[in-house]
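The numbers here are math on the coordinates, done by the rules we state, and not lab data. Note that the structure is predicted; figures quoted are calculated from it, not measured. Reconstructed Cβ throughout: ideal geometry from the backbone, glycine too, with neighbour counts over all protein chains shown.
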Amino acid sequence: MSDTPGVLVIVDQLQGELRPITLELLGAARELAGKLGAGVGVQALVMGHKLGDMPQRLVWNGAHEVIVVDQPELAEYSTLTYRRASISVIDSMPKPPHIILCGATTIGRDLAPRIAAHYETGLTADCTELDIGEYEHKGKADPAKVGTYHNCLYAIRPSFGESLKARIIGPWKNPQMATARAGVMIPCGEDTARTGKITPFTVKFDKEDFISKVIETVRDVSSTVDLIKAKVIVSGGFGLGGADGFNVVRDLASVFKDSAVGASRKTVDSGWIPYAHQVGQTGKTVRPAIYIALGISGAIQHRVGMSQSATIIAVNKDEKAPIFQFAHYGIVGDLYEVAPILKEQFRESFATASVGAK
Ligand code: FAD
């Protein structure tokens with residue numbers, strides 16, 4: 001294992017499938033490592049069983065070294081076994097990593113605090129940006145910490161209802177830790193010419209690591225809605241007027257290949273569509289090529305989840321709706337009249353369109 005403290009990415013994989021967040025974290029980690037200086041590398045820690053070519057793929061996607069813990073005890077995610085494996089690997093390193101990154105996913109949100117608590121270090125959750133910088137502590141509050149700290153992790157995340165960006169630091173302890181939202185960081189792209197080291201590691205478990213046991217895993221089918229991967233998202237808001245309104249949304253989405261149906265929180269809270277479809281601050285962050293918002297007002301909490309879409313098309317009957325302030329194309333009208341026309345227009349233009357034609 002490398003003896004220069006670098007950036008460690010905890011890999012998020014589900015039943016042998018790499019989650020996109022891992023590739024995004026590797027992209028962010030490479031940028032951070034570059035800012036930390038020459039010779040600082042990115043390590044990926046992958047835990048599971050029968051991982052196949054995943055370690056190699058992690059190298060192709062940006063890891064300089066992949067530490068592989070492939071044991072039957074890790075076939076299914078469980079807090080205590082994954083905690084034990086992570087800590088055993090980190091403790092075996094000549095020096096702890098400077099930074100540890102996890103996805104702000106169900107697994108990452110469970111595991112990261114366990115690791116942070118073990119090392120008594122800070123953890124910033126749900127970051128949307130990561131950077132490296134300096135911090136000068138003047139010491140009124142805590143004179144013992146007076147000084148200038150270099151190479152601090154700037155863990156940046158929205159706060160106060162997304163109206164402010166907070167830069168959170170914790171340079172007094174290593175590792176510095178953060179979880180990052182899915183769909184926000186940019187992967188560096190798979191390159192089969194990239195080379196790296198693959199280091200197998202065996203964990204010795206304790207009896208107490210098995211005091212809780214996974215008996216059965218039942219996947220919620222609704223959570224398989226892949227908003228993150230979709231190239232076109234058609235989203236419905238409260239302007240739909242009821243759950244049946246989503247038929248219009250689905251109908252428009254059906255003309256595109258790689259499309260998915262999104263929703264505002266108000267429709268989810270009203271029970272019109274499952275939470276897995278929600279876009280926004282407390283839902284998913286997406287960046288498709290086209291985002292079509294039908295009857296969505298464009299509240300800040302929705303906007304933060306979709307404003308990075310390449311093209312935003314909004315349909316709203318209120319010409320003063322906030323969504324028109326940031327949509328690339330705005331149509332003032334009744335969505336029930338406009339959506340079928342849009343569908344026909346897209347269908348006709350597919351002969352020349354470059355995105356999502358079926
Ligand atoms: P509304 O604001 O009611 O807007 C409906 C729109 O439809 C209106 O603009 C109206 O003019 C238009 N309309 C009505 N009828 C038609 C028609 N026939 N044709 C065309 N247009 C029509 N929201 C999210 O979406 N995602 C989140 O993750 C999220 N997280 C939140 C977290 C917090 C802490 C809080 C406080 C709020 C959060 N919200 C979130 C809620 C958010 O503030 C808004 O309430 C919500 O986004 C509004 O949803 P909406 O646009 O569908 O509904």
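General observations
- Using C-alpha pairs under 8 Å with a sequence gap of at least 6, the mean separation divided by the residue count of the range 7-210 gives a relative contact order of 29 percent.
- Within the chain, percent of DSSP bridges classed antiparallel, to nearest 5: 25 percent
- Local electrostatic count, TYR154, Cβ distance below 11 Å [Lys/Arg +1, Asp/Glu -1]: +1
- When you restrict to C-alpha pairs under 8 Å that are six or more residues apart and normalise by the size of the chain, the relative contact order lands at 14 percent.
- In the chain, helices alone account for a calculated mean residue ellipticity at 222 nm of -7500 deg cm²/dmol, with every DSSP H run of four or more residues adding -39,500 (n - 2.57).
- Set LYS35/LYS266; LYS213/LYS284; LYS165/LYS213 screened for pairs whose C-alpha atoms are more than 32 Å apart: LYS35/LYS266; LYS165/LYS213
- R0 of 41 Å, Cβ-Cβ distance ASP110-ASP258: FRET efficiency to nearest 0.05: 0.85
- Per-peptide average of other Cβ atoms within 10 Å, ordering 117-124, 52-59, 207-214, 233-240 highest first: 233-240, 52-59, 117-124, 207-214
- Count Lys and Arg as plus one, Asp and Glu as minus one, and take only other residues whose Cβ is under 13 Å from that of ILE292; the net charge is then +2.
- Environment charge of ALA144, counting only residues whose C-beta is closer than 14 Å and scoring Lys/Arg +1, Asp/Glu -1: +3
- Separation in nanometres of the label points that stand 7 Å from Cα toward Cβ, at ILE211 and GLU120: 2.1 nm
- Its Cα centre serving as origin, the chain has a Cβ charge dipole (Lys and Arg +1, Asp and Glu -1) of approximately 400 debye.
- Label-to-label distance for ILE186 and THR79 is 3.7 nm, based on points extended 7 Å past Cα in the beta-carbon direction.
- Amide N of the range 179-199 lying under 20 Å from the label point, which is placed 7 angstrom from the Cα of ARG167 along Cα→Cβ: 179-181, 185-186
- Viscosity 0.692 mPa s, 37 °C: Kirkwood-radius Stokes-Einstein D of the chain over Cα pairs, µm²/s: 149 µm²/s
- Paramagnetic reach from GLN301 in the range 313-346 [backbone N under 17 Å; point 7 Å along Cα→Cβ]: 322-323
- Using a simple spin-label model with pseudo-atoms 7 Å out from Cα toward Cβ, GLU136 and TYR336 lie 6.3 nm apart.
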